[in-house]
Amino acid sequence: MAQNTYIGASTRSKEAPRHVTGRGRYADDMVLPRMLHACILRSPYGHARIGAVNAGEATQLSGVVGVIIPDDVKRRSRPFKPGRYAAGLRVPIPEYASAVDKVRYVGEPVAMVAAETRAKAEDALELIEIDYEPLSAVTDTHAAADPSAALIYEELGSNVAWQGQVSYGDVEQAFAGADRVVRENLKIHRYSSTPLEPFAIIAEHTPERLNIWCNSQAPEVVYEAVTEALGIDNVRVIVPDIGGGFGQKIHLIRKYAVLTALMAVKTGRPVKWIEDRSEHMMAGGHSCDQEFDVEMAVKSDGEVLGVIIRDTDDVGGSISTLTIHFTNKLNNLFNTYKVQHLRLEGRSVLTNKCPVVPNRGIGKPGMCFIWERMMDRIAQELGLDQIEVRRKNLIGADQFPYTTPNGNIHGSGDYQELLNRAIKNIDYDEVRKRQAQSRDTNRLIGISVVIGVEPGGRNAARDMAIFPESKQMPGAGGVEGATVKLEKNGSVAFTLGSPSCGQGHETTAAQIIADVLGVAPERISITGTFDSALSPWGVSSSNSGNNFHLYDVGAVHGAATRLREKVLTLAAHLLQTDKASLTIENGIVGRVPRSGSAEDDSITFAQLGKIAYGNQALLPDGFEPGLEQTYYHSHPHANPLMIPDAHGRVRAQYTFSSAAHAAVVEVDTETGRVRVLRYVIVSDNGTLINPSVVDGQIYGSAAHGISVALGEGFVYGADGQLLTLTLLDYGKSTTLETPHVEIEHYPIPDPFTTLGQKAAGEGAAIPSPAAIAGAVEDALTPFGVKVRHLPLSPERVWRLIHESKT
Amino acid sequence: MKLPVNLSVNGQAYEEEAEPRTLLVHFLRERLGLTGTHVGCVVGECGACSVMVDGALVKSCLMLAVQAHGCEVTTVEGLAQRGKLHPIQEAFVHNFAMQCGFCTPGFLMASHALLERTPNPTEEQIRQDLSSNLCMCTGYVQIVEAVKEAASRLGEWRKTHT
Ligand code: FES
Ligand code: FES
């Protein structure tokens, strides 16, 4: 490969020009001939039995073309197959695209209308009559787990839908040898990532196939759901620009893809369905409310010997993502620490709330919250310094590659140094001085320094670690493809196997191709967004799991490298020299040292393209015409432990970025309002391909985690009504509450990846809730307040202060 | 029932009609095909639908199409001129001030309105003003930097364009 010219530089964004001119192409921007507009009728109850449904009047309304009610769904579609997150179900439970017998959360889809205009469809929804028999709603895991609680799925006999555990090392032994056991109850609330563009689907049933345009992050989920539900093999899923995903657009979107497709089949016309904001808030998917009872066995010098965590996940009113938050904790189960003995017990409790889905960080913010809150608690109980307790337990820089007790391999890192730099950058001692001065005022200053990993590159077999008895493997390791093509005119086109939600994949991939092929990024362009009929996709082709850096980068690099070889073979033949004497620069293949005139010694990409696609006489013997290469990438170091062993050890993810976060907050003790004064991150994301793109991922994920800590989140009434239907009620931070995050990069290349790269996506959403919690607790030291639960909304903080006084 | 909506959008005159209940944002997107203006909430919270109406920044989901009768509207499609990016657009591209791009047209229009009023805003003023718009992807840092850069680019640009 030529030396890096573009890898490592913030080359101009490929995507931005279309977005700033309003020419992004999102699903809702598209119009098909004779297209209908669909709307969905949703449950007004948290829990109710569905009785008679009368859609007669709605069907009669002029402009209405199709109506789907629960009976249609039951008759004309098949339920979803239980996926990897439902593998723990005790009895099989069919789940259809809409509610069929009962509704189990407010907003659950019940019926769909398609009409000539969206307004007409909305009018018709009001004419559908449904006899609901309301049942009592359960919204709290403690009440839901009680044997007397109303059952959300009668078949299960209990609302505790799954229980299980993973255990590594000898936990009992570790506790027996401890000087002390530090205990705490911690909670993280329900929130979401609220992508600005809600779900959007267009379905068209032609004689050849079923076409679905949708903003799914994981097209495979939609592809399989539609194929299975409707029994149509020839499905094509096309994903245009996506207006943000963060995990929200992976799971529940399949319900709507099936309903919209069913409507397209039923009416014989293309159908568009666009979710609105309040629909997304109530039914687009939430993160779990998670409660942790934690015990840490420690020595008096702060060393953690063993850990027991009892995790209760409130999974809402669906059985399809029961263990999704639990198994994601396997990714960062030990965070950055070297303790060898840990047991994580889990139970998933059904409630009458929105089903749970991934979102920025899923499960891992909770796991990091446990670790970082406990580090502070241990320090307090032992009278030690909080940072020193962390240092005592960190994996040492000389221990990499480091294998965690549950099988993850951290390829590279220097956690002590991240802490050092964060402390320096935040002016730690200076803040402590200011803090002392603030103590006489009603604006208390607090500081916290935390650390966390950002796992990347998912192993598809991860979730089987908790189902050792299961024979059904949903896949293993990872597979992802890419195609790179030198066109006839010498320009370069590439196709990625996965969709993007705004992480700069076109830009980043073009930089890699530019360096491998020796051509400027301006001559390189993407062929289009994801299209299941054209994109080389595999199990890792989803905009999730922090997959891009491992799988797509590997695939693009592999395809470009193969193409380079082919280009050199053809050029060597034409220049009558051997490949080894050739270099490529700026799209010109040339001989070094030169032997004659430029014409004898070099050939351009355009000349090569013309010959490769048009002039058989000039091709070498046995040379396959064309200059196009596809490469499917799997992680070459996926073993050991790609498949879970009998002890539940598995490589959950394959790369581990890491970062230290330092937060300084000011708490107004009169109002409870928290302001973030400074927020510093020192981040190791391995080799940076485009530093500005990576910065953007860090800024964005930090902002989300901080907003979550400060108060964004869902609130339900006891009757199962969602009280936060708008972004305002939900409490999303704006430019005013979001701090100007300061980043220092401290990259240590990963020894096992293509370019030394590690993940950069959701990373800063993982430690940031813990950083804010720690800083608020630190500020409130004079009140002796302990921060155990998120969010830290003004009301919650005010209460903490006042409860401490009584 | 439909009412006339005669208006100018990005300098082009249209003679259209709309149902009284049609929102301006839907009219622009569906009737005129100007899909750069986005819908993120439809209740005035996110700013993705921001456009200029007679020189004022407006959330077009909070306005009926018929209210724009006789008005001059500028959408994101009207910023670039003669195929050349407007300095605000150029600053957004240069600073990586977007990820998914869904909020971008709204932020551009809001920044445009801000810089018309306050040609050299402080970071605080920028943050105050842009709190009308939500971005779920970027954490705002690069957007704020882009607006700062746009202010200085605009200074230069005005010298040559007026
Ligand atoms: S769509 Fe108009 S403000 Fe959100
Ligand atoms: S760039 Fe995605 S919402 Fe702002």
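Every read-out reported here was derived from the displayed coordinates using simple, explicitly stated rules and does not represent laboratory data. Owing to the predicted nature of the structure, the values given are computational and were not obtained by experimental measurement. Note that we place each Cβ from the backbone using ideal geometry, even for glycine, and neighbour counts take in every protein chain shown.
A few comments on the model shown:
- The simple Förster model, with R0 at 51 Å and r as the Cβ-Cβ distance, assigns A:Ala143 and B:Met1 a FRET efficiency of 0.50.
- Distance between the pseudo-spin-label points of A:Ser300 and A:His745 (7 Å out from Cα toward the beta carbon): 4.7 nm.
- Separation of alpha-carbon centers, the stretch A:324-366 and the stretch A:764-806, rounded to whole Å: 22
- Whole-number percent relative contact order across the stretch B:87-161, with pairs defined as alpha carbons under 8 Å at least 6 apart: 52
- Local electrostatic count, B:Arg127, Cβ distance below 14 Å [Lys/Arg +1, Asp/Glu -1]: -3
- Considering all different alpha carbon pairs of the protein assembly as shown, the Kirkwood hydrodynamic radius works out to 29.2 Å.
- With neighbours defined as other Cβ atoms within 10 Å of a residue's Cβ, the residues B:Cys41, B:Cys135 order from fewest to most as B:Cys41, B:Cys135.
- P(r) of the stretch A:187-272 over all Cα-Cα pairs, binned every 5 Å from zero, in whole percent: 3, 16, 28, 23, 13, 9, 4, 2, 1, 0, 0
- For the stretch A:291-426: rounded, prolate or oblate by the Cα gyration tensor [a/c cutoff 1.5]: prolate
- HN-Hα J in Hz across the stretch B:137-148 - Karplus 6.51, -1.76, 1.60, θ = phi - 60°, x for Gly and Pro: 9, 8, x, 6, 4, 6, 5, 4, 4, 5, 5, 4
- Burial ordering of A:Leu727, A:Leu382, fewest other beta-carbon atoms within 10 Å first: A:Leu382, A:Leu727
- Exceedance of the 24 Å cut-off in Cα-Cα distance is limited, within the set A:Lys353/A:Lys786; A:Lys81/A:Lys732; A:Lys14/A:Lys255; A:Lys364/A:Lys392; A:Lys74/A:Lys255; A:Lys732/B:Lys59, to A:Lys353/A:Lys786; A:Lys81/A:Lys732; A:Lys14/A:Lys255.
- Relative intensity, log₁₀ I(q)/I(0), of the stretch B:87-161 from a Debye sum that treats every alpha carbon as a point, q = 0.11, 0.17 Å⁻¹: -0.22, -0.54
- Working note: Karplus 6.51/-1.76/1.60 with θ = phi - 60° gives the stretch A:590-603 the couplings x, 8, 10, x, 5, 10, x, 7, 4, 5, 6, 9, 8, 8 Hz, where Gly and Pro are set to x.
- Cβ charges +1 (Lys, Arg) and -1 (Asp, Glu), total dipole of the protein assembly as shown, debye: 640
- Whole-Hz Karplus values for the stretch A:506-511 come out as 5, 4, 5, 5, 5, 5 Hz, taken residue by residue from phi with 6.51 cos²θ - 1.76 cosθ + 1.60 and θ = phi - 60°; glycine and proline positions read x.
- Note: the stretch A:95-242, Cα convex hull, 238 Å³ per residue.
- Positive-end ranking of B:Val76, B:Cys41, B:Pro4 along the dipole of the stretch B:3-78, with charges on Cβ about the Cα centre, is headed by B:Cys41.
- Chain A - percent relative contact order, Cα under 8 Å, separation 6 or more: 16
- A protection proxy built from the mean count of other Cβ atoms within 10 Å ranks the segments A:749-755, A:717-723, most packed first, as A:749-755, A:717-723.
- Cross-link partners for A:Lys120 among the lysines, with Cα-Cα distance under 19 Å and sequence neighbours closer than 8 places in the same chain left out: A:Lys266, A:Lys272, B:Lys2.
- Over the Cα atoms of the stretch A:749-806, the radius of gyration divided by the Kirkwood radius equals 1.29; this is the Rg/Rh ratio.
- Computed lengthening from B:Glu123 to B:Lys84, 0.36 nm per intervening residue step minus Cα-Cα distance: 11.3 nm
- Estimated dipole of the stretch B:87-161 in Debye, rounded to 20 [Cβ of Lys and Arg +1, of Asp and Glu -1, Cα centre]: 140
- Highest-MSF residue in chain B out of B:Phe27, B:Phe96, B:Phe107 [GNM, Cα springs under 10 Å]: B:Phe96
- Under 16 Å from the Cα of A:Lys488 - aspartates and glutamates, other chains or at least 8 residues apart: A:Glu624, A:Glu628
- The alpha carbon radius of gyration of the stretch B:3-78, expressed as a multiple of 2.2 N^0.38 Å, is 0.95.
- The stretch A:504-653: C-alpha gyration tensor shape, a/c 1.5 cut-off, then a/b vs b/c: prolate
- Think of each Lys and Arg Cβ as +1 and each Asp and Glu Cβ as -1; about the Cα centre, that makes the dipole of the stretch B:3-78 roughly 200 debye.
- Which of A:Asp385, A:Asp552 has the fewest Cβ neighbours within 10 Å, and the rest in rising order: A:Asp385, A:Asp552
- Local charge for B:Ala151 was computed over the other residues whose Cβ lies under 15 Å away, with Lys and Arg +1 and Asp and Glu -1, and equals -2.
- The modelled label-to-label distance for the pair B:His69/A:Thr403, using points 7 Å beyond Cα in the direction of Cβ, is 7.7 nm.
- Pairwise Cα distances in the stretch A:362-412 exceed 17 Å for 51 percent of all pairs.
- Selection from A:Pro536, A:Thr669, A:His549 lying farthest towards where the dipole of the protein assembly as shown points positive, charges on Cβ: A:Pro536
- Computed on the Cα trace of chain B, the radius of gyration divided by the Kirkwood hydrodynamic radius gives Rg/Rh = 0.98.
- Between A:Gln472 and A:Thr781, residue separation times 0.36 nm minus the direct Cα-Cα distance comes to 106.1 nm.
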